[in-house]
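A short worksheet on the structure shown next.
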Amino acid sequence: MHTNDRHVAIGDMVLEKESRFAEPKWFGIVYEIKYDRYGTGTAFLAWTPENPNYNKEYGYGCTNIHNVRSQYDVIKK
């Protein structure tokens, strides 16, 4: 694993920002990742404080967390 690896795994911390240049507002820990039949991952996170953008039933797409650098920071466990 490289230190700049942005592929989320269980135990990683995800920091979400409201806008590109804002400080992170929500901090989440990945507690589960589910994969569909095509290998596309969905990450489920526990947030502090409660994240209004997040739906517990649907989680966040792992690809979105990986690709949208302006909104998400990933801190590896």
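Structure data summary
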read-out	value
Top-ranked residue of the stretch 50-69 - restricted to ones that are closer than 11 Å to Leu15 by Cα and touching a strand residue (DSSP E or B) at 6+ places or on another chain (Cβ under 9 Å), ranked as surrounded by the fewest Cβ atoms within 10 Å (Cβ to Cβ)	Asn51
Filtered residues of the stretch 20-77 (kept if of a type in the set (Asp, Glu) and under 9 Å from the mean Cα position of the chain (by Cα))	Asp73
Members of the stretch 26-77 that are aliphatic (A, V, I, L, M) and within 17 Å of Arg6 (Cβ to Cβ)	Ile29, Val30, Ile33, Ala43, Leu45, Ile65, Val68, Val74, Ile75
Listing of strands (runs of 3 or more DSSP E) fully contained in the stretch 2-77 that carry 2 or more residues being of a type in the set (D, E, K, R)	13-17, 24-35
Residue identified as exposed (fewer than 12 other Cβ atoms within 10 Å of the Cβ) and among the aliphatic types (A, V, I, L, M) among Ala22, Ala43	Ala22
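A quick yes/no check of all residues on (1) touching a residue at least 60 places away in the same chain (Cβ under 8 Å); (2) not hydrophobic (A, V, I, L, M, F, W, C):
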site: Asp36; (1), (2): no, yes
site: Gly41; (1), (2): no, yes
site: Ala46; (1), (2): no, no
site: Pro49; (1), (2): no, yes
site: Tyr54; (1), (2): no, yes
site: Gly59; (1), (2): no, yes
site: Ile65; (1), (2): no, no
site: Arg69; (1), (2): yes, yes
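Where a number appears in this text, it was derived from the coordinates with a stated rule and is not lab data. This one's a predicted model, so the numbers in the text were calculated from it and none came from an experiment. Please note: Cβ atoms are built from the backbone with ideal geometry, for glycine as well, and neighbour counts cover all protein chains shown.
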